[in-house]
Number of protein chains: 2
Amino acid sequence: MTHDHNAGPQGDTSGAPGVLALDIGGTKLAAGVVGADGRMWSFASCPTGVEDGPEAALRRLFELGEKVLADAGAAAGQLLGVGIGCGGPLDPYTGVLIGPPHLTGWTDIPVTDLAGQRYGLPAVLDNDGTAGAAGEWRFGAGRGCRTLLYLTVSTGIGGGVVLDGRTYRGGAGNGGEPGHITVRSGGRRCRSCGRQGCLEAYASGTSIAERAVEAVAAARARGTATVLDRPGPLTAEDVDAAAQQGDPVATQVWTETVDTLGSGLTSLVNVFEPELVVLGGGVTRSGDRLLEPVRRLVAAQAMGPAARTARIVVASGGDAAGVLGAAAIGLERLADA
Amino acid sequence: MTHDHNAGPQGDTSGAPGVLALDIGGTKLAAGVVGADGRMWSFASCPTGVEDGPEAALRRLFELGEKVLADAGAAAGQLLGVGIGCGGPLDPYTGVLIGPPHLTGWTDIPVTDLAGQRYGLPAVLDNDGTAGAAGEWRFGAGRGCRTLLYLTVSTGIGGGVVLDGRTYRGGAGNGGEPGHITVRSGGRRCRSCGRQGCLEAYASGTSIAERAVEAVAAARARGTATVLDRPGPLTAEDVDAAAQQGDPVATQVWTETVDTLGSGLTSLVNVFEPELVVLGGGVTRSGDRLLEPVRRLVAAQAMGPAARTARIVVASGGDAAGVLGAAAIGLERLADA
């Protein structure tokens with residue numbers, strides 16, 4: 001009875017064919033040519049322009065793809081095909097975008113068929129959370145591990161998992177939704193799913209900003225001064241910066257963020273017992289100011305020794321995370337095909 | 001781009017070798033000889049007698065194994081080996097029981113080595129929640145599905161998952177712990193993991209009984225009559241029966257049980273997007289009185305269409321669930337070996 005605990009490096013892929021990777025976001029489109037070893041031969045991005053409708057945005061996306069193909073040139077060699085990442089709901093098996101809420105008007109778009117026709121290459125589509133998990137596992141912080149939980153803490157909270165060295169897509173292909181577990185029963189209404197008290201309703205960038213606005217109003221009402229009480233919109237970064245300066249109102253909002261993220265991750269590590277938790281997205285720009293207290297909460301509260309000692313790190317993908325994720329799912333699925 | 005959504009029947013296994021299956025519980029030991037087709041050639045059980053220590057209990061377990069082997073006789077044919085299920089923490093790769101809390105004094109017991117020597121057959125060990133999931137998938141309510149979440153709602157709440165047709169063991173082999181996700185933030189202290197507000201701290205049989213005792217005391221203090229206010233211990237079944245009669249105190253306890261189970265399952269289906277949720281354990285003897293309102297809550301609250309429509313059913317394993325689970329992991333792992 002033997003078992004290989006380490007999946008090891010994900011194969012010697014130097015010189016193996018790469019993919020064209022396309023990342024469709026609500027505010028930004030990105031494209032790159034990525035080698036099987038994670039080398040990015042070319043990269044470009046532009047605004048999505050959701051207001052122009054899907055046809056115009058897809059035209060921009062495919063032109064971006066042409067551009068990065070031209071930029072990569074012959075150096076990138078033969079390509080396996082096209083990997084596409086986008087927010088769900090989508091069908092990764094038929095390659096159809098069903099109706100992502102951040103892409104108004106994009107209903108039943110057969111994006112892999114369109115990409116296939118445009119580039120003359122096979123194309124695959126996955127949820128961007130699933131793709132992000134695959135990207136961190138193949139190219140990033142999760143190289144060499146068997147079991148990885150990935151969360152992107154951004155406008156909303158998405159994510160995915162790699163389990164026993166396989167990307168998990170969920171029963172219907174939209175991956176798991178780690179942002180939609182309860183952290184505050186009967187708490188704030190979640191804008192995405194409508195339920196009360198979801199992790200996303202507390203620890204997402206949107207929620208941090210909203211809770212900051214509410215905390216400022218409450219502080220003003222009781223005559224408490226706060227540096228957050230100033231004109232203009234508030235962001236998660238503003239809250240973090242003010243909390244660092246010891247501002248009591250910002251500290252309260254930041255502490256609730258840490259507590260809810262720690263609680264949600266504790267539930268998730270209890271369920272998955274992952275070796276590694278990778279956190280990406282804008283909110284993790286705070287780095288260890290966010291992660292250190294979260295790590296302490298998980299270590300103190302999780303169920304078993306393995307769950308308590310799961311490593312929690314910041315994603316390594318950076319601005320190219322979406323493209324690297326799309327490349328990873330392309331490499332995974334097109335190599336299998 | 002094709003994908004087989006249905007794993008289909010788990011192979012034509014009629015006539016294929018079976019296994020000796022051993023189930024180690026805190027109150028009961030059970031053994032059976034089970035064919036690859038799920039046919040149970042023989043079955044026997046006896047009290048664990050934890051107070052006698054591990055040596056005496058293991059002697060009873062192995063004698064039970066001898067008995068079912070003799071009872072099955074030649075009809076069962078050649079056996080692949082021995083499958084063993086037990087509560088964790090344990091190491092499924094070395095076959096060692098690390099120190100299950102329900103088996104006082106069982107520390108670092110190399111149970112697969114001992115079973116292997118006793119029977120002259122290879123042996124494998126898994127968490128009983130993992131085994132239960134594998135058993136329902138191979139032989140029970142989950143036949144033919146790709147993605148299954150299994151919870152046993154009993155003294156505590158354990159469980160496991162089969163994802164994309166593979167039993168998931170977690171990063172360190174103790175499977176997930178679906179009972180230890182938050183359903184009531186800042187709520188009741190969980191006896192197993194110490195955190196506040198776990199699903200197990202509300203919907204387990206132990207918690208239902210405890211909450212009933214507390215509700216009776218509160219009712220007495222405010223002069224409210226309840227049929228639960230009588231001598232002797234209370235059980236989950238008492239609460240269910242009294243709630244059915246319209247007793248307001250029992251109804252309150254039962255409603256909290258339904259609400260917390262519905263909330264926990266909503267978080268879990270959001271994370272796993274399973275086709276099927278199988279609920280086993282004593283508390284599910286209430287059947288549709290428990291499941292119908294839980295189904296409604298999940299359908300109303302879960303995130304995506306797939307999560308909202310996950311079927312929720314009672315386990316089919318019955319009293320032999322532990323043995324069928326142990327058989328399933330034996331068949332899975334010993335056939336691979």
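Observations, loosely collected:
- Applied to segment A:322-328, the Karplus parametrisation 6.51 cos²θ - 1.76 cosθ + 1.60 on θ = phi - 60° returns per-residue 3J(HN,Hα) values of x, 5, 5, x, 4, 5, 4 Hz, with x for Gly and Pro.
- Residue (of A:GLY280, A:LEU64, A:VAL239) at the positive-pole extreme of chain A, dipole from beta-carbon charges: A:VAL239
- Sequence-distant residues sharing a close amide H with A:ILE157 (under 5 Å, placed H): none
- Its residue count N sets the reference 2.2 N^0.38 Å, and the alpha-carbon radius of gyration of chain A equals 1.02 times that reference.
- Relative contact order [Cα under 8 Å, 6+ residues apart], chain A, whole percent: 19
- Computed per residue of chain A from DSSP H runs no shorter than four, each worth -39500 (n - 2.57), the mean residue ellipticity at 222 nm is -12000 deg cm²/dmol.
- Spatially proximal aspartates and glutamates relative to A:LYS28 (Cα-Cα < 19 Å; intrachain offsets below 8 disregarded): A:GLU51, A:ASP52, A:GLU55, A:GLU63, A:GLU66, A:ASP126, A:ASP128, A:ASP319
- Karplus-derived 3J(HN,Hα), 6.51/-1.76/1.60, for each residue of segment B:109-123, Hz, glycine and proline x: 8, x, 5, 6, 4, 5, 5, x, 5, 5, 9, x, 9, x, 9
- Debye, to nearest 20: dipole size of chain A, +1 on Lys, Arg Cβ, -1 on Asp, Glu Cβ: 640
- Degrees separating the helix A:54-72 axis from the principal Cα axis of chain A, which is the longest one: 60
- Ranked by the mean number of other Cβ atoms within 10 Å of their residues, highest first, the peptides B:297-310, A:207-220 fall in the order B:297-310, A:207-220.
- Between B:ALA225 and B:GLN196, the C-beta separation translates, for a Förster distance of 30 Å, into a calculated FRET efficiency of about 0.45.
- Label geometry 7 Å along the beta-carbon vector: A:ARG39 inter-copy distances in nm: 5.9
- Under 5 Å from the amide H of A:GLY18 lie the amide H atoms of A:ALA36, A:LEU80, each residue being 5 or more positions distant or on a separate chain, with H modelled from the backbone and absent for Pro and chain starts.
- Take each residue in A:297-305, count the other chain C-beta atoms within 10 Å of its C-beta, and the mean is 5.
- Full extension of the chain between A:GLN117 and A:ILE98 yields a length gain of 4.9 nm, computed as 0.36 nm times the residue separation minus the alpha carbon distance.
- Amide H to amide H distances under 5 Å link A:ILE312 with A:VAL277, where only residues 5 or more positions off or on other chains count and H is placed in the peptide plane.
- Check: the protein assembly as shown dipole with +1 on Lys, Arg Cβ and -1 on Asp, Glu Cβ, in debye: 1040
- Counting only Cβ charges, +1 for Lys and Arg and -1 for Asp and Glu, the dipole size of segment B:141-315 around its Cα centre is about 280 debye.
- Spacing of the two label points (7 Å from each Cα toward its C-beta) at A:ASP288 and A:LYS28, in nm: 2.6
- Teacher prompt: A:ALA16 distances to equivalent labels in other copies, 7 Å Cα→Cβ, nm: 3.0
- Relative packing of A:228-235, A:29-36, which averages over residues the other C-beta atoms within 10 Å, highest first: A:29-36, A:228-235
- Hz values of 3J(HN,Hα) by residue in segment B:181-186 - Karplus curve (6.51, -1.76, 1.60), Gly and Pro given as x: 10, 6, 10, 9, 4, x
- Taking every residue in B:92-103 and counting other chain Cβ atoms within 10 Å of its Cβ, the average works out to 1.
- Think of segment B:141-315 as having a plus end and a minus end, set by charges on the Cβ of Lys, Arg, Asp and Glu; of B:SER267, B:GLY144, B:GLY176, B:GLY176 sits farthest toward the positive end of this dipole.
- For a straight C-alpha distance cut-off of 17 angstrom, the aspartates and glutamates reachable from B:LYS67 (same-chain residues fewer than eight places away being disregarded) are B:ASP23.
- The orientation-averaged projected area of the convex hull spanned by the Cα atoms of segment A:142-315 comes to 10.4 nm².
- Positive-end residue, the protein assembly as shown charge dipole about Cα centroid, Cβ charges, pick of A:GLY26, A:ALA75, A:CYS193: A:CYS193
Each value in this text was obtained by applying a stated rule to the coordinates, not by laboratory testing. This structure is a prediction, so every number in the text was calculated from the model and none was measured. Methodologically, a virtual Cβ is constructed for each residue, glycine included, from the backbone with ideal geometry; neighbour enumeration extends over all protein chains shown.
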